[in-house]
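Take a look at the structure below.
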Ligand code: TMP
């Protein structure tokens, strides 16, 4: 596989072409941002952890029948993925109140929901990723009704699988953000990453935060939290795959 020119650089990753038009290389950085880039920093070793964790979780989901862009880990920071055109939606699933949900609706953090909530944001930094609903998505032609149904179905299935897996690790999956993409044949598959940058992961017994909120909220122990959550997942998957 030949690594070609860089076609994109985001806040946490770079994307490169390859000699295969259907495949791209994603490279994970240690850069961390929050609040739409207003807060910036570095989390040493984050790129390595997020690359590995996202690949492990996507492989796990693929084994459960969820279509995802993950193809092959190339090295500590780089992964081969299927080329997709990203649907400009941040698909958020919430199991427990936290973050912007708690702020917007005046609900304290940590209240479990009876059933998971799905939310969509329009992925548009210039507009600050505004919250939108199904009707907005169709009116703005961000996705078709059929694509939206597929996205919802996949997002809830992913939530079921990941809640169960994290529970085994002694971790509550509070909420997370997914992105989906269209393949050249029009199929919708899971893309982007699943990592402590994109999930809220709380220790099940102490509610200690083991995710990027430690950086967003200046709680300290950021690198340690990333290492701890990675260690728990690796240990559990080693048992599962025995
Ligand atoms: P929120 O409570 O700030 O809306 O975040 C919900 C989830 O989405 C949380 O697990 C963090 C994740 N997230 C991202 O992955 N990227 C983002 O830009 C934001 C705002 C949240």
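Worth a mention:
- Some residue of the range 208-227 being outside any loop (DSSP other than H, G, I, E, B), in contact with a strand residue (DSSP E or B) (Cβ under 6 Å, 6 or more places away or on another chain) and closer than 14 Å to residue 165 by Cβ: no
- Taken together, the residues in the range 228-242 that are within 21 Å of residue 31 (Cβ to Cβ) and not in a helix (DSSP H, G or I) amount to 0.
- Failed criterion for residue 230 (all others in (1) within 16 Å of the ligand (Cβ to nearest atom); (2) crowded, with 17+ Cβ neighbours inside 10 Å hold): (1)
- Failed item in (1) out of contact with any helix residue (DSSP H, G or I) (no Cβ under 9 Å at 6 or more places or on another chain); (2) within 12 Å of the ligand (Cβ to nearest atom), with residue 167 passing the rest: (2)
- Some residue of the range 145-158 being in contact (Cβ under 8 Å) with a residue 40 or more places away in the chain, away from the ligand (no atom under 14 Å from the Cβ), touching a strand residue (DSSP E or B) at 6+ places or on another chain (Cβ under 9 Å) and more than 17 Å from residue 65 (Cα to Cα): yes
- In the range 128-144, the condition of being under 22 Å from residue 66 (Cα atoms), away from the ligand (no atom under 15 Å from the Cβ), modelled with pLDDT of 95 or more and surrounded by fewer than 17 Cβ atoms within 10 Å (Cβ to Cβ) is met by at least one residue.
- Test: residue in the range 52-65 that is surrounded by fewer than 17 Cβ atoms within 10 Å (Cβ to Cβ), away from the ligand (no atom under 16 Å from the Cβ) and more than 29 Å from residue 117 (Cα to Cα): no
- Residue check, residue 179 within 25 Å of residue 89 (Cα to Cα), surrounded by fewer than 22 Cβ atoms within 10 Å (Cβ to Cβ) and within 15 Å of the ligand (Cβ to nearest atom): yes
- Test: residue 42 is exposed (fewer than 15 other Cβ atoms within 10 Å of the Cβ), under 20 Å from residue 219 (Cβ atoms) and free of Cβ contacts under 8 Å to residues at least 24 places away in the same chain: yes
- The range 98-122 residues that are more than 20 Å from residue 178 (Cα to Cα) and within 11 Å of the ligand (Cβ to nearest atom), paired with ones that are part of a strand (DSSP E or B) and modelled with pLDDT of 95 or more (beta carbon under 9 Å, 6 or more apart): 104/131; 109/96; 109/174
- Top-ranked residue of the range 190-216 - restricted to ones that are within 20 Å of residue 27 (Cβ to Cβ) and out of contact with any helix residue (DSSP H, G or I) (no Cβ under 7 Å at 6 or more places or on another chain), ranked as nearest to the ligand (Cβ to nearest atom): 198
- Whether a residue is farther than 23 Å from residue 82 by Cβ, in a strand (DSSP E or B) and touching a residue at least 12 places away in the same chain (Cβ under 8 Å) was assessed, and residue 202 passes this test.
- Qualifying residue in the range 7-17 (condition: in contact (Cβ under 8 Å) with a residue 12 or more places away in the chain, over 17 Å from the mean Cα position of the chain (by Cα), within 13 Å of residue 81 (Cα to Cα) and not in a loop (DSSP other than H, G, I, E, B)): yes
- Test set (1) surrounded by fewer than 18 Cβ atoms within 10 Å (Cβ to Cβ); (2) within 16 Å of the ligand (Cβ to nearest atom); (3) more than 25 Å from residue 208 (Cα to Cα) - residue 87 fails condition number: (1)
The values are calculated or read from the model by the stated rules, or taken from the named source; none is laboratory data. Here the structure is a predicted model, which is why all the values come from computation and not from measurement. We place every Cβ from the backbone using ideal geometry, glycine too, and count neighbours over all the protein chains shown.
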